[in-house]
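What follows draws every value from the coordinates through simple rules; no lab data is involved. Here the structure is a predicted model, which means the values were calculated and not measured. Because the Cβ atoms are built from the backbone with ideal geometry, glycine has one as well, and the counts that use them run over all protein chains shown.
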Amino acid sequence: MTDDVLLSARGLEVHFPIRSGGVFRRSSGAVRAVDGVDLDIRRGETLGLVGESGCGKSTLGNALLRLVEPTGGTVTFDGIDVTALGRRELRELRRRAGMVFQDPFASLDPRRTVAQTVSEPLEVHGLHGDRRERAARVSELLELVGLDPAVADRYPHEFSGGQRQRVGIARALAGEPDFLVCDEAIASLDVSVQAQVLNLLRRLQRRLGLTLLFISHDLSAVRHVADRIAVMYLGRVVEIGPAAAVGGDPQMPYTQALLSAVPVPHPELERSRKRTVLRGDVPSPAAVPTGCRFRTRCPSAFEPCPDVDPALQPVGQVDGHLAACHLHGVVGTPVAREDDAPEGPTPADAARAPRRAGRAH
Amino acid sequence: MTQLPTPGAVPAEPPPAELPPTRTARPRWRETLGLLARNPTAAVSALVLIAIVLVAVFDETLAPDGPNEQDQSRALQAPSWGHPFGTDELSRDILSRVLLGAATSLRVGFLSVAFALVVGTLIGLLAGYYGRWVDDVLMRVMDMLFAFPAVLLAIAIVAVRGAGPTNAILAIGIVYVPIFARVTRASVLGVREEVYVRASRSVGASDLRLITRHVLPNAAPPIIVQTSISLAFAVLAEAALSFLGLGPQRPNPSWGLMLADSRGFIDQAWWYSVFPGLAIVLTVLCFNLLGDGLRDVLDPRQRTLMAGGGR
């Protein structure tokens, strides 16, 4: 089972310090963009990662490739500890793991031709030796993503969004990676083009045996491409499982709310659809609620929610479907309450903090 | 997001490629030149500057007389057909000396700005790209240099190192380093955060490659504009240093020196100070107008540093 895991994260954290200005910079707290994520991505699968804007899904994708430095936890890629890599090994990692970015109008250098952009990984990694071989490889890559190789000498501003995104995909594929992070790769495209790019990604995945992490805020798109879906809320994975299970039988109130926001393309079903509209905004990742971080907006929050930080536990009918929710049994780490320890909680305090019922809300 | 094709309906063949764009590729710099040509002020300035540079290059062929040719019979003569700009107190031909002075003024201007451009851009790149303590240290040093009035600092440098053209170049160059450092840093700070820089890093590009291939080319427009405008001020600074006797030394002609020498004769021979002065005004004006034009073409948003400071 562990052999077919290509990439795994354990307790991954990315905290951005908040500095108060002035000459003597002080660190006053942190934005906990990614806050203790455990995640396994299996070889050859597409894992969909969904969540609202600002929940940390892009930061997580960047941290997996060390495009953002994790502040805690580990990432293992094909048996290699990514968090401990030196400069040279990191470069090899970046050949084997690529990224497709959200905005195709921002992700291509406006001063470089398509050929220069696509051949950059080849030059960086010393692949396909001389200029002519590289040009041949660039043509091959452009054809692979459905572009005419004749466009190689043009500049990005001459292309439409969909075409640019194809160029971005060609660049990501140039080093023949095993793993691709698609960070909202279709979010800024027209709907008709979204389907084309989505299909292109699926086709490429099958043909090249890629493993994909497909990051999106759009649960309906993810349901179509992903084998498994992970749902993120405020820096944590709160539910994960096979796409059919998470998309069809969600077990965590947040996923249920997300799913109920997806319109159904059938008028009668659409009318009878129950909608759960969440109250309020996402709390700031600089001030995460204690215990379950979703409790401030959860329609079913009850006593243990503020006091126990829920861990992922098996839920539902399907194997491998996990959710972090006390509705399925209170499992997790008790929280140290600040009013119990005015000097600030120590690790020891956290361990023996009393669980207090009835002090929620 | 409404409807997507169901997973089963994925076509085996690639989707029809979108129509290739019809416009042919054109290098950026040609586009820039085209836009510049449509700005009459900038275009005329550029032509005049090219003429001035040509004069400076071919000065010895163009000048009717040698720089120090004297004929005591014709001292301080008013402009005439024989001497269109008149003659000075040593009866040297002022036209010849203005033409020959162009080489001195432009050489000092170009070399000092080249020095400031290279050093300042490098400092700005390092400060802007690496940030943190590198930024703090480098930019505080720049702030210290910036705190001195420009000409005063140049005078101090020349006073320490001795008068002469080489030290004048160095002095003016050092004075302009902080400006280039600041302009470059500001530009780099923006470009550094661009997604395409992160995209290149994601495929494994090194810092050196990111800086040279992506950051510098995209951060260049304000630096180019600053170069043009700094040339204007450098020519002016050279004139000021020469005027004070700290630049090129007599008897070689330099516009600033000629102005200084003409001071004693300003009520007798207006032509003596007017023509070198006009040469300075024309050159400075053209560099400034060209800089404005370049800014409109390359970088319409950035207006602060060049418009404000009197350097």
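Please find, in a Gaussian network model of chain A (springs between Cα atoms separated by less than 10 Å), the residue of A:T71, A:T333, A:T255 whose mean-square fluctuation is greatest.
Result for chain A, Cα springs under 10 Å: A:T333 fluctuates most.
Order these peptides, B:231-241, A:233-243, B:132-142, A:190-200, by their mean beta-carbon neighbour count within 10 angstrom, highest first. Present the calculation step by step, with values, prior to reporting the outcome.
Details: B:231-241: 26.2, A:233-243: 24.4, B:132-142: 14.0, A:190-200: 18.8.
Put in order of decreasing packing, that is B:231-241, A:233-243, A:190-200, B:132-142.
In a Gaussian network model over chain A where Cα atoms closer than 10 Å are linked, find which of A:R164, A:R95, A:R154 has the largest mean-square fluctuation.
Maximum among the listed residues: A:R154.
Just need the relative contact order of chain A here, percent rounded to a whole number, with Cα pairs under 8 Å and 6+ apart. All intermediate terms of the calculation are to be shown ahead of the outcome.
Working: 684 pairs, mean separation 59.9, N = 361.
RCO, chain A: 17 percent.
Please identify, among A:P17, A:P285, A:P177, the residue showing maximal mean-square fluctuation in a Gaussian network model of chain A using a 10 angstrom Cα cutoff.
A:P17
Per-residue counts of other Cβ atoms within 10 Å, averaged by peptide: what ranking do you get for B:106-113, A:77-84, highest first? Spell out each step's value before the answer.
Working: B:106-113: 22.6, A:77-84: 15.2.
Put in order of decreasing packing, that is B:106-113, A:77-84.
Provide, as a two-decimal number, the C-alpha radius of gyration of segment A:61-185 over 2.2 N^0.38 Å, N being how many residues it has.
Working: Rg = 15.0 Å, N = 125, 2.2 N^0.38 = 13.8 Å.
My calculation over the Cα atoms of segment A:61-185 gives 1.09.
Assuming a ≥ b ≥ c are the square roots of the Cα gyration tensor eigenvalues, decide whether segment A:1-133 counts as rounded (a/c under 1.5), prolate (otherwise, with a/b larger than b/c) or oblate. Write out the running numbers ahead of the final one.
Details: a/c = 1.82, a/b = 1.29, b/c = 1.41.
Here segment A:1-133 falls in the oblate category.
What distance in nm separates the simple spin-label points at B:E89 and B:T166, each placed 7 Å from Cα in the Cβ direction?
3.1
So what's the net charge close to A:T71: Lys and Arg +1, Asp and Glu -1, counting the other residues with Cβ under 11 Å from its Cβ?
Values: positive: A:R32; negative: A:E13, A:D35, A:E69.
Cβ neighbours under 11 Å give a net charge of -2.
Report the FRET efficiency, 1/(1 + (r/R0)^6), for A:V331 and A:I18, where r is their Cβ-Cβ distance and R0 is 35 Å, rounded to 0.05.
On the way: r = 32 Å, r/R0 = 0.90.
The formula returns an efficiency of 0.65 here.
What shape does segment B:103-156 have by the C-alpha gyration tensor, where a ≥ b ≥ c are the square roots of the eigenvalues, rounded means a/c under 1.5, and otherwise prolate means a/b greater than b/c and oblate the rest? All intermediate terms of the calculation are to be shown ahead of the outcome.
Numbers: a/c = 5.23, a/b = 1.63, b/c = 3.22.
It comes out oblate by the Cα gyration axes.
Taking Cα pairs under 8 Å and at least six residues apart, what relative contact order does segment B:228-285 come out at, in percent? It would help to have the intermediate numbers written out before the result.
Working: 57 pairs, mean separation 20.5, N = 58.
In percent, rounded to a whole number, it is 35.
Calculate the mean, over all residues of peptide A:94-107, of how many other protein chain Cβ atoms lie within 10 angstrom of the residue's Cβ. Don't skip to the end; give the middle numbers.
On the way: counts 5, 2, 1, 3, 4, 5, 2, 5, 1, 2, 1, 2, 5, 8.
Average neighbour count from other chains, rounded to a whole number: 3.
Place the peptides B:163-176, A:302-315 in order of packing, highest mean first, counting for every residue the other Cβ atoms within 10 Å and averaging per peptide.
Numbers: B:163-176: 22.1, A:302-315: 19.4.
Result, highest mean first: B:163-176, A:302-315.
Using the beta-carbon distance between A:E52 and B:R74 and R0 = 60 Å, what value does 1/(1 + (r/R0)^6) give for FRET efficiency, to the nearest 0.05?
Numbers: r = 88 Å, r/R0 = 1.46.
That pair, A:E52 with B:R74, gives E of 0.10.
Over segment B:56-308, calculate the relative contact order: mean separation of alpha carbon pairs under 8 Å at least 6 apart, over the residue count, as a percent.
Numbers: 395 pairs, mean separation 57.5, N = 253.
Relative contact order here is 23 percent.
Run the quick spin-label model on A:D281 and B:F148: label points 7 Å from Cα toward the beta carbon, then report their separation in nm to one decimal.
5.0
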